[in-house]
Amino acid sequence: MKYSISPISSDDREAIMDIFNYYVENSFAAYPENKFPYQAFDMFLKVSKGFPTGSLRDKSGRIIGYGMLRSHNPMPTLSQTAEATYFIHPDYTGKGLGKTLLAFLEKGAVEKGITNILAHISSLNPNSIKFHQKNGFTECGRFKKVGKKNGQEFDTVWMQKML
């Protein structure tokens, strides 16, 4: 099947929020306990402004995933470091699309002068930790029991990839 990636636009609002909210409701991949309204998409656009973003589409044009980089810290001395967020529609996971989307974001990061990408992952999301390890990230820190979702405490695992 053929896929394409283009920068996220305001037209992607509902599809992206639906994917994000699936993970809110069904996993520990997204931290909130309750779904975000479609208006929260504006926050996604705001925090990723000036950074690489991508909407992953199938051959019919349906959004099946998205990813974005954002500032890790607004201080100019840390401008070479970005944080990554990406989610693939659950029907399309395990097909190499996360790797494709990550490669797209990394290419844009290098063009922007970013040399480090960080990801923070719930310790209750082992598949994401494995994904990041397979794709060149190494664990660089862990904050113990800093999160609690649906009554379960979790650590945040910080992973880093130097470009």
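Throughout, read-outs are computed from the coordinates displayed, never taken from laboratory work. Quick caveat: nothing in here was measured; it's all calculated off a predicted structure. Don't worry about glycine lacking a Cβ; one is built from the backbone with ideal geometry, like all the others, and counts go over all protein chains shown.
Need one number for segment 68-152: average projected area of the convex hull over its C-alpha atoms, nm². Present the calculation step by step, with values, prior to reporting the outcome.
Values: hull surface 26.6 nm².
Projected area, direction-averaged: 6.7 nm².
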- Message: Quick check of the Kirkwood formula: for the chain, what is the inverse mean of 1/r over all pairs of different Cα atoms, in Å?
- Response: 16.2 Å
- Query: With charges only on Cβ, +1 for K and R and -1 for D and E, what is the dipole size of segment 4-163 about its Cα centre, in debye, rounded to 20?
  - Reply: 320 debye
- Length gain on complete extension for the stretch LEU45 to ASN150, per 0.36 nm per residue less the alpha carbon to alpha carbon distance? 35.1 nm
- Could you size up the charge dipole of segment 55-104 around its Cα centre, putting +1 on the beta carbon of Lys and Arg and -1 on that of Asp and Glu, and report it in debye to the nearest 20? 180 debye
- Answer with one residue from LEU69, THR100, VAL110: the one whose Cα lies farthest towards the positive end of the charge dipole of segment 4-119, charges on Cβ with Lys, Arg +1 and Asp, Glu -1. VAL110
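Want the number for SER9 to GLU33: 0.36 nm per residue separation, take away the alpha-carbon distance, what's left? Present the calculation step by step, with values, prior to reporting the outcome.
Working: separation 24, 0.36 × 24 = 8.64 nm, distance 2.58 nm.
Using 0.36 nm per residue and subtracting the Cα-Cα distance, I get 6.1 nm.
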